[in-house]
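J.: Quick one: the structure is below, and I'll ask about it shortly.
The values are calculated or read from the model by the stated rules, or taken from the named source; none is laboratory data. Note that the structure is predicted; figures quoted are calculated from it, not measured. Here the Cβ positions follow ideal geometry from the backbone for every residue, glycine too, while neighbour counts run over all protein chains shown. To get the accessible areas, we keep the full protein, side chains included, count just its heavy atoms, and leave off ligands, DNA and RNA. Shrake-Rupley method; radii C 1.70, N 1.55, O 1.52, S 1.80 Å.
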Amino acid sequence: EVISSVFNTIYISRSKDFNEDVRLVCVRHLEQLIRFDVSRPVKTEYLKYLGWACYDHAHAIRFEAVRAINNLIQVSHSYE
């Protein structure tokens, strides 16, 4: 519940921030959040924000989102 509360109150609003650096930090921490929430490793409520970040106008945000998705895929394959 704590993770969900923090996500809903802080991440959602900051992921749309005007400042590119803030959005970049959000994408980096979202990957960590997905890895941390082992109860549900692939939550669409989290993954959709990585997908949306792939369409950000800033190259650094798009790159970080693709890197995070790639890392999550590699981690999920290591569990198989």
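J.: Within the range 48-75, how many residues turn out to be surrounded by 15 or more Cβ atoms within 10 Å (Cβ to Cβ) and assigned to a helix (DSSP H, G or I)?
T.: Final tally of qualifying residues: 11.
J.: So which pairs qualify, if the first residue must be in the range 6-17 and open to solvent by 80 Å² or more (accessible area, probe 1.4 Å), the second must be not polar (S, T, N, Q), the Cβ gap must be under 7 Å, and the two must be at least 6 apart or on different chains?
T.: From the range 6-17, the pairs are R14/V22; R14/C26.
J.: Could I ask something else about it? Is it true that some residue in the range 27-45 is in contact with an Asp or Glu (Cβ under 8 Å, 6 or more places away or on another chain) and modelled with pLDDT under 80?
T.: yes
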